[in-house]
Amino acid sequence: MSAADRTAIDEAMSRALALAADAGAAGDVPVGAVVLDESGSIAGEGRNLREQTHDPTAHAEILALRAAAESAGSWNLEGHTLVVTLEPCVMCAGAILQARVGRVVFGAWDDKAGAAGSMYDVLRDRRLPYRAEVIGGVEADAATALLRAFFERRR
């Protein structure tokens, strides 16, 4: 990964963490996502909105993919990178592959529902026609801290 790619990913993760904090403050699980286009510019972003919208599909990744597809004028996001604070679930991993996103970068691992290497490895499953590069653990401590604080407040 080039230094420019790393800088764009670090900036996108900072933005995703801010979006996650906003989600947590609004009562949703604190997850934020940013999609970068091939040049490293933000093409779309989202945060969890399930509680706010009563929509079970309103995960940060899904909303970020929708915004990026609208920005690109195409469902095909080949060459794009999804940066998200939590390892994607099975639903989001399926959407990522359907959108042809080439790289997924995430913060915290999700040992209960993750589909990018912890519980399942949907994003790199050789039986599927498309796979994504996966980079996990970027700013994992910050992402985990947001999640931990959110769930501790709910108990």
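Values as computed for the structure displayed
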{"read-out": "Some residue of region 14-33 being surrounded by 18 or more Cβ atoms within 10 Å (Cβ to Cβ), within 23 Å of Ala140 (Cα to Cα) and of a type in the set (S, T, N, Q)", "value": "no"}
{"read-out": "Any hit, region 133-154, residues being part of a strand (DSSP E or B), open to solvent by less than 20 Å² (accessible area, probe 1.4 Å) and either closer than 19 Å to Arg15 by Cβ or in contact with a His (Cβ under 6 Å, 6 or more places away or on another chain) (or both)", "value": "no"}
{"read-out": "Every pair of residues 6+ apart whose Cβ atoms lie under 8 Å, when the first sits in region 109-129 and is free of Cβ contacts under 8 Å to residues at least 24 places away in the same chain while the second is among the hydroxyl-bearing types (Ser, Thr, Tyr)", "value": "Asp111/Ser118"}
{"read-out": "Only one of Ser39, Ser71 that is in contact with a strand residue (DSSP E or B) (Cβ under 8 Å, 6 or more places away or on another chain) and surrounded by fewer than 18 Cβ atoms within 10 Å (Cβ to Cβ)", "value": "Ser71"}
{"read-out": "Residue in region 115-125 that is within 17 Å of Leu19 (Cβ to Cβ), open to solvent by less than 30 Å² (accessible area, probe 1.4 Å) and touching a strand residue (DSSP E or B) at 6+ places or on another chain (Cβ under 9 Å) present", "value": "no"}
{"read-out": "Lone unmet requirement of (1) touching a Leu at 6+ places or on another chain (Cβ under 9 Å); (2) open to solvent by 80 Å² or more (accessible area, probe 1.4 Å) for Val104", "value": "(2)"}
{"read-out": "Filtered residue count, region 51-68, keeping only those that are open to solvent by less than 50 Å² (accessible area, probe 1.4 Å) and in a helix (DSSP H, G or I)", "value": "8"}
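The values are calculated or read from the model by the stated rules, or taken from the named source; none is laboratory data. Computed from a predicted structure; not experimentally measured. FYI the Cβ positions are ideal-geometry reconstructions off the backbone, even for glycines, and counts take in every protein chain you see. To get the accessible areas, we keep the full protein, side chains included, count just its heavy atoms, and leave off ligands, DNA and RNA. Shrake-Rupley method; radii C 1.70, N 1.55, O 1.52, S 1.80 Å.
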